[in-house]
Amino acid sequence: MTGVLSRVATILLMLGLGVGPALALGEAPPGYYTSQKVVYHNDGGPPDNVTYFKRLLGNLRNHVQAVGKDRLDLRVVDHGDGVSLFQIAQNDKDLSGGIDTLKTQGVRFLICNNTLTERNIDWHTLYGVREDDIVPSGVAELARLQGMGFVYVHP
C-alpha cells in the first residue's frame, strides 16, 4: 500500500509542477518550449577542434529538434579558432554535412572579419561561407545580438 501511495504522490507532484509523463521521460511535450532567440559562441576547442566542432553541431541539432525550427532564431558567431570549423569542413564530410543540415533548418553561421584579417584567411576558402555571413567583429556581434534579446550559449 505504501508503494501505491508513493507513486500517487509522485504523480500528483509532477502534475502540480506542470510536468507531464513525457517530460518525466526526458521528452518535451508539444508547446513546452516557447519561441527562442539564441546565439552560440564558437571560438573553437583546441587542441582537438574536430571533436569540439562535432559536439557543437550536435548541440545545435538537438536545440533545433527540441524547440522546432519555426520557433527558433539561432545564430552561431564564429571567431578565433572557431573559424577553423569552416576550414576543416572543406575535407570533413561529417562537419560539412552537419553545417549544411543546420543551415536548411535556419541556423545562421556568422564569421568574424577581424579573425579573417588577422589570420590572413580568404573567406572564399571557407566551407559554405557567403559574403553576407561575415560580420565586422565576432565579440561585438555577440554583444549586439544579446542587446537584441538573444540568449547567449557557450558550449
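The values are calculated or read from the model by the stated rules, or taken from the named source; none is laboratory data. Predicted, not measured: the structure shown is a model, and the values here were computed from it. Please note: Cβ atoms are built from the backbone with ideal geometry, for glycine as well, and neighbour counts cover all protein chains shown. Remember, those area values only see protein heavy atoms, side chains included, never the ligands or the DNA or RNA. Shrake-Rupley method; radii C 1.70, N 1.55, O 1.52, S 1.80 Å.
Quick rundown of the values:
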item: Scan of region 67-81 for residues that are farther than 21 Å from Pro46 by Cα, open to solvent by 30 Å² or more (accessible area, probe 1.4 Å) and not basic (Lys, Arg), ordered by number; result: Asp70, Asp73
item: Within region 82-122, considering residues that are closer than 18 Å to Leu142 by Cα and open to solvent by 50 Å² or more (accessible area, probe 1.4 Å), the one nearest to the chain's Cα centre (by Cα); result: Arg108
item: Near pairs, Cβ below 7 angstrom, 6+ apart or cross-chain, from region 96-121 (among the hydroxyl-bearing types (Ser, Thr, Tyr)) to any residue that is part of a strand (DSSP E or B); result: none
item: Residue satisfying all of: in region 32-44; of a type in the set (S, T, N, Q) and part of a strand (DSSP E or B); farthest from Arg108 (Cα to Cα) among these; result: Gln36
item: Residue ID - nearest to Val151 (Cα to Cα), chosen from residues in region 67-88 that are part of a helix (DSSP H, G or I) and touching a Phe, Trp or Tyr at 6+ places or on another chain (Cβ under 6 Å); result: Val67
item: Residue match in region 45-59 (condition: in contact (Cβ under 8 Å) with a residue 60 or more places away in the chain, polar (S, T, N, Q) and part of a strand (DSSP E or B)); result: no
item: Filter result (open to solvent by less than 40 Å² (accessible area, probe 1.4 Å) and closer than 20 Å to Ser35 by Cα) within region 123-155; result: Leu142, Leu145, Phe150
item: In region 29-63, the residues that are more than 12 Å from Asp78 (Cβ to Cβ), touching a strand residue (DSSP E or B) at 6+ places or on another chain (Cβ under 6 Å) and not β-branched (Val, Ile, Thr); result: Gln36, Lys37
item: Counted residues, region 49-66 - those being within 21 Å of Arg144 (Cβ to Cβ) and open to solvent by 10 Å² or more (accessible area, probe 1.4 Å); result: 1
item: Check on Gly149, of a type in the set (Gly, Ala, Ser) and part of a loop (DSSP other than H, G, I, E, B); result: yes
item: Hits in region 91-147 - residues which are small (Gly, Ala, Ser), out of contact with any strand residue (DSSP E or B) (no Cβ under 7 Å at 6 or more places or on another chain) and closer than 13 Å to His41 by Cα; result: Ala140, Ala143
item: Residue tally, condition at pLDDT below 75 and within 21 Å of Pro155 (Cβ to Cβ), over region 1-55; result: 1
item: Tabulated pairs, region 128-153, first in contact (Cβ under 8 Å) with a residue 24 or more places away in the chain and farther than 19 Å from Thr117 by Cα, second part of a strand (DSSP E or B) and of a type in the set (Phe, Trp, Tyr), C-beta under 6 angstrom, 6+ apart or interchain; result: Gln146/Tyr152; Val153/Tyr40
item: Qualifying residue in region 63-78 (condition: more than 19 Å from Pro155 (Cα to Cα) and of a type in the set (Asp, Glu)); result: yes
